[in-house]
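Colleague: The structure that follows is given in the form of structure tokens.
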Amino acid sequence: MRRSTRQTGEKGETLAARFLRLNGFRLVAANFTVPIGRNSRGAQVTGEIDLIALEEDALCFIEVKTRASRDFGGPLSAVDRQKQRQIIRAARVYRRIFGLFDMRFRYDVVTVITPPNGPPEMELFRDFWSETSFRKKEWHDDIL
């Protein structure tokens, strides 16, 4: 029987949280959801961060991507620029709410494959993306 996407995702987040704790992370929050602005039609847009954890002195905003198999591409392919932008906006709000302006932070991804007949496979991708590629470029007078 096929699991729903939501059930697969929830199972993956539970497995990822356990995996991270076993690898020295201290979990701070799960499923942090916050309004991050409005879309072009004026509707409220929310951002969600699957897991927030500390690893040593770094605050980690972690996206968990779960798949039942690798048949239709790997889980990393779902962490596209739009998803990254949404997580960045939510992470900025999180840091502002808690006054974490000087704390080192990064964006990680945990992939989880949950095959029906076997143990789950998990992989951590530290520092998968950064905010630098999303910053607006400044215009300078010396550029023609």
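Coordinate-derived values only; no laboratory data. Since the model is a prediction, treat every value here as computed from it, not as a measurement. A quick note on method: Cβ atoms are made from the backbone with ideal geometry, for glycine too, and the neighbour counts reach across all protein chains shown.
Colleague: Taking amide hydrogens as modeled 1.01 Å from N in the peptide plane, which residues meet the under 5 Å criterion relative to V79, leaving out close sequence neighbours?
Modeller: Amide H neighbours of V79: none.
Colleague: Listed highest first by mean packing, meaning other Cβ atoms within 10 Å per residue, what order do 26-32, 107-113 come in? Intermediate values should be presented prior to the final figure.
Modeller: Working: 26-32: 14.0, 107-113: 22.7.
Order by mean packing, descending: 107-113, 26-32.
Colleague: Normalising by the residue count of the range 5-130, find the relative contact order in percent from Cα pairs under 8 Å and 6+ residues apart. Intermediate results must be reported in sequence, preceding the final value.
Modeller: On the way: 220 pairs, mean separation 31.1, N = 126.
Once normalised by length, the contact order is 25 percent.
Colleague: Measure off 7 Å from each Cα along the Cα-to-Cβ vector at F134 and M103, then give the distance between these two points in nanometres to one decimal.
Modeller: For the pair F134/M103, the computed spacing is 1.8 nm.
Colleague: Connecting C-alpha atoms closer than 10 Å in a GNM of the chain, tell me which of L76, L15, L100 has the biggest fluctuation.
Modeller: Looking only at L76, L15, L100, the biggest GNM fluctuation is shown by L100.
Colleague: Pop the C-beta distance of E121 and T33 into the FRET formula with R0 = 30 Å and round what comes out to the nearest 0.05. List each step's numbers first, then the result.
Modeller: Values: r = 28 Å, r/R0 = 0.92.
Calculated transfer efficiency: 0.60.
Colleague: Then there is this: In deg cm²/dmol, rounded to 500, what helix-only [θ] at 222 nm does the chain give when every DSSP H run of at least 4 residues adds -39500 (n - 2.57) and the total is split over its residues? Write out the running numbers ahead of the final one.
Modeller: Values: 2 runs with 35 residues, N = 144.
Theoretical 222 nm ellipticity from helices: -8000 deg cm²/dmol.
Colleague: What nm value, rounded to one decimal, do you get for the distance between E10 and D57 when each label is placed 7 Å out toward the C-beta?
Modeller: Distance between the two pseudo-spin positions: 4.0 nm.
Colleague: Then there is this: Can you say what percent of the DSSP beta bridges in the range 5-130, counting only those with both residues inside, are antiparallel? Round to 5.
Modeller: Values: 21 of 31 bridges.
Around 70 percent antiparallel, to the nearest 5.
Colleague: How do the peptides 34-45, 57-68 rank, highest first, by the average count of neighbouring beta carbon atoms within 10 Å per residue? Present the calculation step by step, with values, prior to reporting the outcome.
Modeller: Numbers: 34-45: 9.9, 57-68: 21.2.
Ranked by mean Cβ neighbours within 10 Å, highest first: 57-68, 34-45.
Colleague: Kindly state, to the nearest 0.05, the FRET efficiency for R18 paired with S77, given R0 = 30 Å and r defined as their beta-carbon distance.
Modeller: 0.80
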